[in-house]
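Report on the following structure.
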Amino acid sequence: MGVRCSIPALETIRCTAIARGALSSQANPAMPTIFLPWWITDGTFADAGGPLTVPSLHGSTTTINLPPQGTAIVEAPNDGPLVQGSASTFLPSGVVSYGIFRKSTAGVPDQEVIVPLSEASSTLRTLVWDDTNYVTAVAVVNPSAVTNIVTITVRDNAGNLIGNPTVLLSPHAKLAVVLRDLPGLAGVAGKRGFADFSVVAGNVAVLGLRFNGQAFTSIPTVNR
């Protein structure tokens, strides 16, 4: 999940990022307190990826003490200078979590978007997109400790290849971009289809966002 979301599709939108964690209902009620570590890394550009200090966390990492059957929240409020990045967490067995982006605009009610977590062990993730009347943006993260080349293979709803650009990402770096703005993907506009994000070494994590005017929502990606 992003610490702050900068939306290149239409405008820059300042968002509060929230991560919620909880024990699943199947968890052992006698389970001891669980510690959830969160790592925040700067991933504004492909050549970034170093620790990012979050004021509400008083640093770039924090640990949650989660009691049996308990819940917890980590929040990065929308204040201070605009930054971008990504967050990673280790979830022990029996613990589930998700993220939230909250868009706050003066004069209108807040909008919240549920953000599914993306597995850091994936080597291939698939995103289904619809750019007929919408704009699709993606955030691609290299969770690995080595530099990665991410190949993005995009096809339309008939299976025809639109393009397959590559993105170079340093360790723990993130790239946020409108899908159709990537080299060779202008043909995404006005169509529907899917995109595969793959690596041959290391791993990749991907989040999709869909925009319709001022409204936006997340698009989950599937590990294959």
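Just to be sure I understand, how many residues within region 108-137 are in a strand (DSSP E or B) and either hydrophobic (A, V, I, L, M, F, W, C) or in contact with a helix residue (DSSP H, G or I) (Cβ under 7 Å, 6 or more places away or on another chain) (or both)? Summing the residues that are in a strand (DSSP E or B) and either hydrophobic (A, V, I, L, M, F, W, C) or in contact with a helix residue (DSSP H, G or I) (Cβ under 7 Å, 6 or more places away or on another chain) (or both) in region 108-137 gives 10.
Residues satisfying the criterion are present in region 167-183 (criterion: in a strand (DSSP E or B), under 13 Å from the mean Cα position of the chain (by Cα), among the β-branched types (Val, Ile, Thr) and farther than 23 Å from Ser121 by Cβ).
Would you confirm, using the coordinates I've provided, whether Thr151 is surrounded by fewer than 12 Cβ atoms within 10 Å (Cβ to Cβ) and not hydrophobic (A, V, I, L, M, F, W, C)? In short, no.
Restricting attention to region 99-138, the residues that are buried (at least 18 other Cβ atoms within 10 Å of the Cβ), of a type in the set (Val, Ile, Thr) and at pLDDT below 85 add up to 2. Yes or no: region 52-73 includes at least one residue that is surrounded by 20 or more Cβ atoms within 10 Å (Cβ to Cβ), assigned to a strand (DSSP E or B) and within 15 Å of the chain's Cα centre (by Cα). No, region 52-73 contains no residue that is surrounded by 20 or more Cβ atoms within 10 Å (Cβ to Cβ), assigned to a strand (DSSP E or B) and within 15 Å of the chain's Cα centre (by Cα).
Checking Ala173, Ala215 one by one, the residue that is of a type in the set (A, V, I, L, M, F, W, C), farther than 12 Å from Trp129 by Cβ, touching an Asp or Glu at 6+ places or on another chain (Cβ under 8 Å) and touching a residue at least 60 places away in the same chain (Cβ under 8 Å) is Ala173 and no other. Free of Cβ contacts under 8 Å to residues at least 12 places away in the same chain and not charged (D, E, K, R), is that true of Asn148? No, not satisfied.
A search for C-beta distances below 7 Å between a residue of region 94-112 that is in the same structural domain as Gln69 (by TED's automatic domain parsing) and over 15 Å from Leu209 (Cα atoms) and any residue that is hydrophobic (A, V, I, L, M, F, W, C) and not in a strand (DSSP E or B), counting only pairs 6+ apart in sequence or on different chains, returns Gly94/Ala27; Gly94/Met31; Ser97/Leu91; Ser97/Leu117; Tyr98/Leu117.
The values are calculated or read from the model by the stated rules, or taken from the named source; none is laboratory data. Owing to the predicted nature of the structure, the values given are computational and were not obtained by experimental measurement. With ideal geometry, Cβ positions are generated from the backbone for all residues, glycine too; neighbour counts draw on all protein chains shown.
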